[in-house]
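J.: Below you will find the structure I want to go over with you.
The values are calculated or read from the model by the stated rules, or taken from the named source; none is laboratory data. Computed from a predicted model, the values in this text were never measured in an experiment. Counting neighbours? That spans all protein chains shown, and the Cβs are built from the backbone with ideal geometry, glycine included.
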Amino acid sequence: MSKIDKVGHAANVGGMNVSLGKLEAWVKDQVKHGDYATDSEVVREAVRRMKESQPSEPAELQRMMDAAESSGFKEMSVDDWNKLRRLAKSKLAK
C-alpha cells in the first residue's frame, strides 16, 4: 500500500505502484460492480491470467512447436507461393 509522506509524495510500502492510465476507469468499474473487492485484486487477476497464457519454459515452447508441426504443417513450395501471390493480387485488384 502507498502512504503519503509529509511532502505529499506517494511512498511505496510493501507493494508496487503502477500507472494504469486509461485502464484505471475499467479497473474501478470492476470493483464498483462487485466483481472484485479491490483495485489490487483486479490487477493481480489480470497479471495471473496473462502469466498463465504465456509459455514460460523452453520445454513447453518445444511441445507447442511439435504439436503445430504434427497437425499437418508443411513447407510451402515455390508453386504454393506463386498461388498465394496470384490470390493476393486478385484480391487487391477488386
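J.: Every residue in the range 39-54 that is of a type in the set (Gly, Ala, Ser) and either surrounded by 11 or more Cβ atoms within 10 Å (Cβ to Cβ) or under 17 Å from residue 29 (Cβ atoms) (or both), please. It would help to see each step written out before you state the result.
T.: Let us first name the residues in the range 39-54 that are of a type in the set (Gly, Ala, Ser), namely 40, 46, 53.
Scanning the range 39-54 gives 40, 46.
J.: Looking at the range 11-29, can you tell me whether even one residue there is modelled with pLDDT of 90 or more, surrounded by 10 or more Cβ atoms within 10 Å (Cβ to Cβ) and basic (Lys, Arg)?
T.: Yes, because at least one residue in the range 11-29 is modelled with pLDDT of 90 or more, surrounded by 10 or more Cβ atoms within 10 Å (Cβ to Cβ) and basic (Lys, Arg).
J.: Hey, can you tell me all the residues within the range 47-79 that are farther than 30 Å from residue 23 by Cα, in a helix (DSSP H, G or I) and modelled with pLDDT under 90?
T.: Matches in the range 47-79: 58, 59, 60, 61, 62, 63, 64, 65, 66, 67, 68, 69.
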